[in-house]
1. Going toward the positive end of the dipole of the range 180-236, with +1 on Lys and Arg Cβ and -1 on Asp and Glu Cβ, which of TYR204, GLY233, TYR190 do you reach last?
2. Of CYS136, GLY67, SER45, which is farthest towards the positive pole of the range 32-161's charge dipole, taken about the Cα centre with +1 and -1 on the beta-carbons of Lys, Arg and Asp, Glu respectively?
3. Please give the charge dipole size of the chain, origin at the Cα centre, charges +1 on K and R Cβ atoms and -1 on D and E Cβ atoms. Round to the nearest 20 debye.
4. Could you give the dipole magnitude of the range 1-131 about its Cα centre, charging the beta-carbon of Lys and Arg +1 and that of Asp and Glu -1, in debye to the nearest 20?
5. Per the 1.4 Å probe, what fraction of the accessible area of the chain, in percent, lies on carbon and sulfur atoms?
6. Just to confirm the filter: which chymotrypsin sites (Phe, Trp or Tyr not before Pro) across the range 1-61 are DSSP coil and have at most 13 other Cβ within 10 angstrom of their Cβ?
7. Which residue, LEU56, TYR17, SER167, has the largest displacement toward the positive end of the dipole of the chain when charges sit on each Cβ (Lys, Arg +1; Asp, Glu -1)?
8. At q = 0.13, 0.27 Å⁻¹, what base-10 log of I(q)/I(0) does the Debye formula yield for the range 152-210 when every alpha carbon is treated as an equal point scatterer in vacuo?
Amino acid sequence: MTTTHHLPAGKAAAGPYAVDISPESADWGHSSLRVLELPPGGWHSFDTADSEWIVLPLAGSCTVAVGGETFRLAGRKSVFTSVSDFVYVPRDAQVSLASRDGGRFALTGARCTRRLPARYVPASAVPVELRGTGGCSRQVNNFAAAGAFECDQLIAVEVLTPGGNWSSYPPHKHDEHRPGEESELEEIYYFEIADHDGTPGLGYQRVSPSGHGQGTDVLAEVRDGDTVLIPDGWHGPSMAVPGHDMYYLNVMAGPGAERDWLIRDHPDHGWIRGTWPDQPVDPRLPLYTAPEKS
């Protein structure tokens, strides 16, 4: 099995970024992810170039200045404590981030053609979905899902899986353009794993060949700050070990004219969906809900 698609924490670091994945470094065409860590009083500027971006606090708060506007992000303590607000910034723009108290911020990006306006979205507007039941129960924060927020090409969501559960299951894929059935999308998984009494956590990620693209084949032990690149293949399960909740940020984009998230389940495992109505959702979920709209 190849390990080139699993990037342990630090492996994808570059310049000011703890993670810096671009179309060039990933050897694909569309999706990007940067994770920026700012110290108290820190700031950073970047050019959006040919991509649209979302600034999403993982931990901490910041201000985002773009096109003569300044947006204040309240952020959150961590990805395991609350939904976060976020800011969308367009292509061909100069962006500056500043954080009084410091923090960690995800920049999710996708190459695009349309230049949409910069926008702030409060945490209260983020749809929180519970997906699956029983041991497949997980929480999805659909902050930039295809049907929840307008972008040109970017799709991004957060998934929280309680310790001991499986998510991204049944295994599914989106590596072919099949109108009305499947989208062609590259995908990045960025992981954070909750510790237990100071002991670091871990999880596992599987990607198996689908017969398309590069034949991506991964079985990785993932830890805090790791990323997995999925240009093609059946991906899943994402396994959270008992006692350690798992978070991952999904970033997707592709060449299609329509911004859709259409998936096909693995034919050997799709039957599991039929068992979900007979089981309760894991009572640990939701880990949290979006705040009430003011």
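The values are calculated or read from the model by the stated rules, or taken from the named source; none is laboratory data. Values in this document were obtained by computation on a predicted structure and should not be read as measured data. Here the Cβ positions follow ideal geometry from the backbone for every residue, glycine too, while neighbour counts run over all protein chains shown. Keep in mind that these areas ignore ligands, DNA and RNA; they rest on the heavy atoms of the full protein, side chains included. Shrake-Rupley method; radii C 1.70, N 1.55, O 1.52, S 1.80 Å.
1. Checking the options against the dipole of the range 180-236, the answer is TYR204.
2. It is CYS136.
3. Details: 23 positive and 38 negative charges, 139 e Å.
Computed charge dipole of the chain: roughly 660 debye.
4. Dipole of the range 1-131, to the nearest 20 debye: 320 debye.
5. It is 52 percent, rounded to a whole number.
6. Answer by residue number: there is no such site.
7. The residue sitting farthest along the positive end of the dipole is LEU56.
8. Ignoring solvent entirely, the Cα scatterers give -0.49, -1.37.
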